[in-house]
Amino acid sequence: MIALALVVFALEQFLQTQSSFFVSNGRLVNYTVLIICGSAFGLAFAKGKLIMPPQSYYFAAVLLLYGFSTFFWLSGNHGNRGYDGWVKNAPYLLGITFFGSALIRSIDQARKALIATLVMATILCLGLLILAQWDSRGVVLASSNVQAVSSVLALASIGSYVAIIAGIINFPKKPYWLILRWLLVGTGLLLTLKTGSRGQTVAIVATILVFIPINRGQVSGRSIVAGALTLVALVVCIYLILPYTSTQRWDSQHIENAYQGRLWASSEMISTLFNENPIFWITGLGAGESYDVVGFYIHFTTVEVFCEEGLIGGILFLLILGIPTVKLLKVIVSKEKKFFSDANALKRNTLVVISALFFSEFLLSCKQGTLPFEQNLFLFAITLEFLCRDYDRSNKKARSLMQYRAQYQ
């Protein structure tokens, strides 16, 4: 279910390149997948298999409800583009963030979900690269009336999932994985670079470089060498791929203009907030206010949340991101020897891959995000917190069993 939820937008894009039926019925695939996820959630609930969600689950619900409520009592922007975006994406927030995260109840389930995501996302990547017709940064949709172009970010995101999961996940008993790993990383990078998505490309490289050493163990000479070799492998992949993609968006002037535009938008929102009555510093200016201030969403979720939802929303947002991060650090520090032991390699690897996806989504939220479209960021935050809790409990059970045996032997 999680794999389907993560690839749903790219699946929709691929099917739309193959048949005009899916172009005319644009949300058919999305709603079908979300109904499947909702049905799985309902079935698990009916069978009593759901487990109490972690804190970030509730904080995400409160933040989203609070943000949406401000349309009616604070911003006065009911009916504008910001409001339409919230309404349009609400089913995906419900299906992916709240139904999806509740379906992962153990580290073993999370690992299966990661493998399924890697397989499905790779198939979609290859299908988009080989079978779809490309036009500029996107693929051409099969429309008989107009030459429609797909969503670039939906394509780039699927490439980043393939590259990050393949770059970090381990299969110790499969020696061929050493070669296949970098073929898959290259495939994900090729799709991302082909879409001209600078943010996703940078996030892929940064995420793999940060989490490969953590995945291999404590900081040591071996982990430094692993990091250096990883960097070389990524550089080689990008060097081999670039001739098949457009480098226009990597022009220094193009990057500078994009950076200045985002900086200006964030500065305008912050200035507007602090020029208002201090009460708005607490409540925020109201959801969708960025459309009135700068004419579009500002591409920086953290700043947007603090400006539109104020300290109330900002603190909730930081709790959603901070609690899973603190829990992960606590697991690593308090169980350092066990966490980095070879016997615990698969559990550690699963936690690290989920952490990497969470980190990558956060990086992307600093260049393209807006609160009602952060379903995957919230999904990974909630999942990471739950897995840390599951890891803690499994270790306590194992330790109790060992103590029991020692007492009666």
| said: Considering only residues that are over 19 Å from residue 366 (Cβ atoms) and at pLDDT 95 or above, which ones fall in the stretch 285-325? | reply: 310, 311, 312, 323
| field | Those residues of the stretch 12-31 which are in a helix (DSSP H, G or I) and open to solvent by 70 Å² or more (accessible area, probe 1.4 Å), in sequence order | value | 18, 21, 24, 28, 31
| Test result for residue 35, open to solvent by 40 Å² or more (accessible area, probe 1.4 Å) and closer than 22 Å to residue 382 by Cβ | yes
| field | When residues of the stretch 182-197 are limited to those that are touching a helix residue (DSSP H, G or I) at 6+ places or on another chain (Cβ under 6 Å), open to solvent by 10 Å² or more (accessible area, probe 1.4 Å) and in contact (Cβ under 8 Å) with a residue 60 or more places away in the chain, the one nearest to residue 242 (Cα to Cα) | value | 190
| field | Count of the stretch 342-376 residues which are touching a residue at least 60 places away in the same chain (Cβ under 8 Å) and either open to solvent by less than 20 Å² (accessible area, probe 1.4 Å) or of a type in the set (Ser, Thr, Tyr) (or both) | value | 19
| query | Applying the selection to the stretch 303-329, what residues are closer than 24 Å to residue 262 by Cβ, open to solvent by less than 30 Å² (accessible area, probe 1.4 Å) and among the hydrophobic types (A, V, I, L, M, F, W, C)? | reply | 303, 305, 307, 316, 317, 320, 321
| task | Could you grab me the full set of residues in the stretch 45-83 that are open to solvent by less than 80 Å² (accessible area, probe 1.4 Å) and either among the acidic types (Asp, Glu) or not in a helix (DSSP H, G or I) (or both)? | result | 48, 50, 51, 53, 54, 76, 77, 79, 80
| message | Just to verify a result, which residue in the stretch 168-181, among those that are in a helix (DSSP H, G or I) and either open to solvent by less than 20 Å² (accessible area, probe 1.4 Å) or among the polar types (S, T, N, Q) (or both), is farthest from residue 152 (Cα to Cα)? | response | 177
| field | Check on residue 154, over 22 Å from the mean Cα position of the chain (by Cα) and either surrounded by fewer than 24 Cβ atoms within 10 Å (Cβ to Cβ) or basic (Lys, Arg) (or both) | value | no
| Residue check: is residue 162 of a type in the set (Val, Ile, Thr), at pLDDT 90 or above and crowded, with 22+ Cβ neighbours inside 10 Å? | yes
| For residue 82, all conditions in the list (1) small (Gly, Ala, Ser); (2) farther than 21 Å from residue 27 by Cα; (3) over 17 Å from the mean Cα position of the chain (by Cα) hold save one; what is the number of the exception? | (2)
| query | Can you find even one residue in the stretch 104-114 that is exposed (fewer than 14 other Cβ atoms within 10 Å of the Cβ) and not in a helix (DSSP H, G or I)? | reply | no
| note | The one condition residue 293 fails out of (1) within 30 Å of residue 57 (Cα to Cα); (2) crowded, with 16+ Cβ neighbours inside 10 Å is (1)
| Long-range neighbours under 6 Å by Cβ, at least six apart or interchain, first residue under 20 Å from residue 191 (Cβ atoms) within the stretch 223-243, second modelled with pLDDT of 75 or more and not hydrophobic (A, V, I, L, M, F, W, C) | 237/186
| request: Would you tally the residues in the stretch 239-296 being under 30 Å from residue 66 (Cβ atoms) and assigned to a helix (DSSP H, G or I)? | output: 24
| field | Hits in the stretch 52-81 - residues which are touching a Phe, Trp or Tyr at 6+ places or on another chain (Cβ under 9 Å) and modelled with pLDDT of 90 or more | value | 54, 56, 57, 59, 60, 61, 63, 64, 67, 68, 71
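The values are calculated or read from the model by the stated rules, or taken from the named source; none is laboratory data. What you see is a predicted model, and the numbers here were worked out from it, not measured in a lab. So basically every Cβ, Gly included, is an ideal-geometry build from the backbone, and we count neighbours across all protein chains shown. The accessibility values were calculated without ligands, DNA or RNA, using every heavy atom of the protein model including side chains. Shrake-Rupley method; radii C 1.70, N 1.55, O 1.52, S 1.80 Å.
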